[in-house]
Protein chains: 4
Amino acid sequence: MIRVTVWNEFVHEKSNAKCKELYPFGMHKAIADFLSEEEDIVVHTATLDDEECGITEEVLKNTDVLIWWGHAAHHKVPDEVAVRVRDAVHNGMGFIALHSAHNSKPFKMLLGTAGNLSWRESKDFERLWTITHAHPITADVPDYIELEMEETYAEPFGIPEPDELLFIGWYSGGEVFRSGCTFKRNNGKIFYFQPGHETFPTYYNEHIQKVIKNAVRYVTPVYRSEKIEFPNIPKTNKE
Amino acid sequence: MIRVTVWNEFVHEKSNAKCKELYPFGMHKAIADFLSEEEDIVVHTATLDDEECGITEEVLKNTDVLIWWGHAAHHKVPDEVAVRVRDAVHNGMGFIALHSAHNSKPFKMLLGTAGNLSWRESKDFERLWTITHAHPITADVPDYIELEMEETYAEPFGIPEPDELLFIGWYSGGEVFRSGCTFKRNNGKIFYFQPGHETFPTYYNEHIQKVIKNAVRYVTPVYRSEKIEFPNIPKTNKE
Amino acid sequence: MIRVTVWNEFVHEKSNAKCKELYPFGMHKAIADFLSEEEDIVVHTATLDDEECGITEEVLKNTDVLIWWGHAAHHKVPDEVAVRVRDAVHNGMGFIALHSAHNSKPFKMLLGTAGNLSWRESKDFERLWTITHAHPITADVPDYIELEMEETYAEPFGIPEPDELLFIGWYSGGEVFRSGCTFKRNNGKIFYFQPGHETFPTYYNEHIQKVIKNAVRYVTPVYRSEKIEFPNIPKTNKE
Amino acid sequence: MIRVTVWNEFVHEKSNAKCKELYPFGMHKAIADFLSEEEDIVVHTATLDDEECGITEEVLKNTDVLIWWGHAAHHKVPDEVAVRVRDAVHNGMGFIALHSAHNSKPFKMLLGTAGNLSWRESKDFERLWTITHAHPITADVPDYIELEMEETYAEPFGIPEPDELLFIGWYSGGEVFRSGCTFKRNNGKIFYFQPGHETFPTYYNEHIQKVIKNAVRYVTPVYRSEKIEFPNIPKTNKE
């Protein structure tokens, strides 16, 4: 069983009527719901309202893949929680950053870049192009996914050259964006996925759900260490 | 001085009225003209009409950067000419593949992929996004370049993950494309640049010209070997 | 079931006494034997002695992963066979190049580089370092594998920057080598693995066997296309 | 002129007799001395003894390339100084991390990994192999550099897959290490270079000096921004 923790700041759902209507129990619940349909995935959720954001050492020890949605409250996540997430990824935990998590503390700590981008709050139509079908994350995903409305994200996107670029977004307003990217940091795999503005029903789209399900399996740890150490090795040469 | 050879199959200019009108002396002449404005660049041209395509060992030995435009006559370039180009790149010569050269023999030999893409002959508007300004090829290039009409190229584009993705094209018809990419093969640097359909005045655009000028300098050899060898080395350990 | 074809030129085993003694039925048979221990792998072999090298369209259509060992007879493999292999990899077939296959036609066609390296026929001790444990190919592989004798391969190795560098070889004579590297070409995954000189019992080493078993699973196709096409797409924008 | 700041914690030179003898005025002074031989480089130095480590906003604004040597006192560098360095690199400043700076705060912040490695304090002989000659950092550097004594660094080295791997170290004790690696973070270029243990005369080696001189030029900013912003862009599509 792959143990997934879906973390959501859970702010817009309480303050924005449109968001509340779309996701009455929070986006984390909507994401947990479709992941729970899978026989090999078991889901736990946590939010900013939980003590220590619900991201304790104990929770991370029992999490194979952490999904993160944040936007308005990045600064309310304590540094020590972000460091805890970063270290868990180094040890092997998978990490999926959704939408505005490009600017979250754990994502920026893990990438080492500013995570900046240009954007326009709009109701642009997005066509999300699949750059390759030959990747576990794009299995059974169509050539492109159409989203009637998404917030426009635009280049330049402040990330290191991704290991693999899997999706590029096309927006009706004239922008492009590297919408699906993989990275590795020590033992951990990372996937960034752009769709998911809080006032649009993106997480109910079956193809978006398929990508996230695939990504969960892809970033599941291959190897998990207790901690990243700096061993002093004895002289090992044959003599 | 950087010695550039601009190669063009020079076919459409003789058969297509629109192309002939735009480029009466051939696209190679238009490209050579703007490169010749630069004090550090000296330009030579060659076409399919020349013996051995004008790409002899002698020419390549005296070429620092080879620019290639081909489309209708890829199959008319003999394999041995393509191999000659490939080997010169391995030794260090820079190579710039323009537009439909994605399907040329030298480009496919150098990348090792099929070079395939989807396309639509259209009069779509293209907005070409600069993904980073922190690269010699994008120096003094605006955030995006607008081309009133370009042929639509679309993903998936059959290339290996580029070393650096520098431009992404947005087309009014709804497509995206990795329009500017760098690669290395042995000692040689390669730049692929998508704009330049034969019936549009793309090579007269000042920003497109700037990108090509920058790219010439970027792919200029750092190190050029006589030939790529397989040396049998003597035992070298200190004892 | 993963359908593996092990191809071996099968030359040294017939001409070199030491090689014959070590691999009386050929290295392909030794490799097929340990792969056949796995429940999810079914193995077929082919050599230069077979018609069309045993690499017909029919064979490739029924091959998920092709393993290639060649050295003395690279030039005896017809170009059309190498092209057939290259195209099958583009369509999604996995490809594992062993040892001196760095200079084989299919490997060089797929990489686009000269595949050159320095070497010394020696009886150097090799310690093969695992660069990361967090990869399916290095699962259950120790921190390093020791080989009492291997042919020394040395840098520079004429390959593009690998997608992933998984092993680096240390030789007692003072050389290093990028011994385990992954690449992608269109839909196909490629793994190069350096150990396996014909006069040493390398393929009987349990750890070397483990790496090759892991690699077979890793390069198994995620997505296989009929052929790589250049589709002319209709205008697809919403209007 | 390229404005270089050489930062050194300057600790071992005051406490270790061997180090003091080798570098009586500190390693920063030795590095500054050979860089100052170059006509296009002007050098400034700073240490832990300076207020704010000598790394103020003003200093960074006037620094094109920051070289960093740290080991025993990583923890004495305040977080805000490390953040200042990280942000300057994002804006375009070049950064060269020497030897044990693999574990410095700025390096780990920029890479997003743990920066861990294995090591053995030894007097091993190191042969540092040049992986490619076709890079500005390896220009006029021999095929390998021999260092009579260096501290042994060993894989796994906790870094992301480098953009370019330029050097691999071979140690007489049986280890290998990715000794020269380039990375990019937003507008800034980074070079990590392994040689330089404090009790060996490494920085007096002419080839090591050549690599560092080359690296200074390579990581010099191509483009420097005031700060990394998140612009809200107006609707830009043509209509």
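Observations, loosely collected:
- Among the residues of region B:174-216, those identified as basic (Lys, Arg) and out of contact with any Gly (no Cβ under 9 Å at 6 or more places or on another chain) are B:Lys184, B:Lys210, B:Lys213.
- Of all residues in region C:176-187, at least one satisfies being crowded, with 24+ Cβ neighbours inside 10 Å, within 21 Å of D:Leu117 (Cα to Cα) and small (Gly, Ala, Ser).
- Sole exception among (1) of a type outside the set (Phe, Trp, Tyr); (2) farther than 24 Å from C:Ile131 by Cα; (3) out of contact with any Asp or Glu (no Cβ under 8 Å at 6 or more places or on another chain) for C:Pro201, by number: (2)
- Of all residue pairs spaced 6 or more apart or on separate chains, those with beta-carbon atoms under 8 Å, a first member in region D:207-219 that is under 22 Å from D:Glu126 (Cβ atoms) and a second member that is open to solvent by 20 Å² or more (accessible area, probe 1.4 Å) and in a helix (DSSP H, G or I) are D:Asn214/D:Pro136.
- Of the residues making up region C:78-95, those that are among the aliphatic types (A, V, I, L, M), part of a helix (DSSP H, G or I) and open to solvent by less than 30 Å² (accessible area, probe 1.4 Å) are C:Val81, C:Ala82, C:Val85, C:Ala88, C:Val89.
- Scanning region A:182-239 for residues that are within 11 Å of chain D (Cβ to nearest Cβ) and of a type in the set (Asp, Glu), we see that the one that is farthest from A:Met149 (Cα to Cα) is A:Glu239.
- Test set (1) surrounded by fewer than 23 Cβ atoms within 10 Å (Cβ to Cβ); (2) in contact with a Cys (Cβ under 6 Å, 6 or more places away or on another chain) - A:Glu206 fails condition number: (2)
- Some residue of region A:45-64 being polar (S, T, N, Q) and within 30 Å of D:Phe230 (Cα to Cα): yes
- Residue in region C:193-205 that is under 24 Å from B:Ile190 (Cβ atoms), within 16 Å of the chain's Cα centre (by Cα), not in a helix (DSSP H, G or I) and not hydrophobic (A, V, I, L, M, F, W, C) present: no
- Restricting region B:209-233 to residues that are open to solvent by 40 Å² or more (accessible area, probe 1.4 Å), of a type outside the set (S, T, N, Q) and not in a loop (DSSP other than H, G, I, E, B), the residue that is farthest from B:Leu66 (Cα to Cα): B:Lys210
- Within region A:99-136, tally of residues that are over 14 Å from the mean Cα position of the chain (by Cα), of a type in the set (Gly, Ala, Ser) and within 11 Å of chain D (Cβ to nearest Cβ): 4
- Annotation: C:Ser100 fulfils all but one of (1) among the polar types (S, T, N, Q); (2) in contact with a helix residue (DSSP H, G or I) (Cβ under 8 Å, 6 or more places away or on another chain); (3) under 30 Å from D:Phe157 (Cα atoms); the unmet one is (2).
- Filter result for D:Gly173 (surrounded by fewer than 24 Cβ atoms within 10 Å (Cβ to Cβ), within 14 Å of chain A (Cβ to nearest Cβ), in contact with an Asp or Glu (Cβ under 6 Å, 6 or more places away or on another chain) and not polar (S, T, N, Q)): yes
- Any hit, region D:8-21, residues being surrounded by 21 or more Cβ atoms within 10 Å (Cβ to Cβ), among the β-branched types (Val, Ile, Thr) and out of contact with any Phe, Trp or Tyr (no Cβ under 6 Å at 6 or more places or on another chain): no
- Search result, residues across region A:96-127 that are of a type in the set (Lys, Arg) and open to solvent by less than 10 Å² (accessible area, probe 1.4 Å): A:Arg127
- Those residues of region A:179-201 which are polar (S, T, N, Q) and within 17 Å of A:Ser225 (Cα to Cα), in sequence order: A:Asn186, A:Asn187
- All positions within region C:145-161 that are of a type in the set (D, E, K, R) and within 25 Å of B:Asn91 (Cβ to Cβ): C:Glu155, C:Glu161
- Hey, D:His75 open to solvent by 10 Å² or more (accessible area, probe 1.4 Å), out of contact with any Leu (no Cβ under 9 Å at 6 or more places or on another chain), in a helix (DSSP H, G or I) and free of Cβ contacts under 8 Å to residues at least 24 places away in the same chain or not: yes
- Residue count for region A:142-163, restricted to those that are open to solvent by less than 20 Å² (accessible area, probe 1.4 Å), part of a strand (DSSP E or B) and over 13 Å from A:Ile208 (Cα atoms): 4.
- Any hit, region B:58-67, residues being under 15 Å from the mean Cα position of the chain (by Cα), of a type in the set (D, E, K, R) and over 28 Å from B:Glu151 (Cβ atoms): yes
- Among residues of region A:166-192, those that are in a loop (DSSP other than H, G, I, E, B) and of a type in the set (Gly, Ala, Ser), counted: 3
- Number of positions in region D:137-162 that are of a type in the set (D, E, K, R), at the interface with another protein chain (Cβ under 7 Å from one of its Cβ atoms) and touching a Ser or Thr at 6+ places or on another chain (Cβ under 8 Å): 1
- Filtered by the rule that a residue be over 19 Å from D:Lys210 (Cα atoms) and either free of Cβ contacts under 8 Å to residues at least 40 places away in the same chain or exposed (fewer than 13 other Cβ atoms within 10 Å of the Cβ) (or both), region D:22-47 gives D:Pro24, D:Phe25, D:Gly26.
- Close pairs (7 angstrom Cβ cut-off, 6 or more residues apart or separate chains): farther than 20 Å from B:Ile212 by Cα in region B:85-110, polar (S, T, N, Q) anywhere: B:His90/B:Asn186; B:His90/B:Asn187; B:His90/C:Thr113; B:Asn91/B:Asn187; B:Asn91/B:Ser225
The values are calculated or read from the model by the stated rules, or taken from the named source; none is laboratory data. From a predicted model like this one, the values you see are computed outputs, not experimental measurements. Every residue, glycine among them, receives a Cβ derived from its backbone with ideal geometry; neighbour counts consider all protein chains shown. For accessibility, only protein heavy atoms count, side chains too; no ligands or nucleic acids. Shrake-Rupley method; radii C 1.70, N 1.55, O 1.52, S 1.80 Å.
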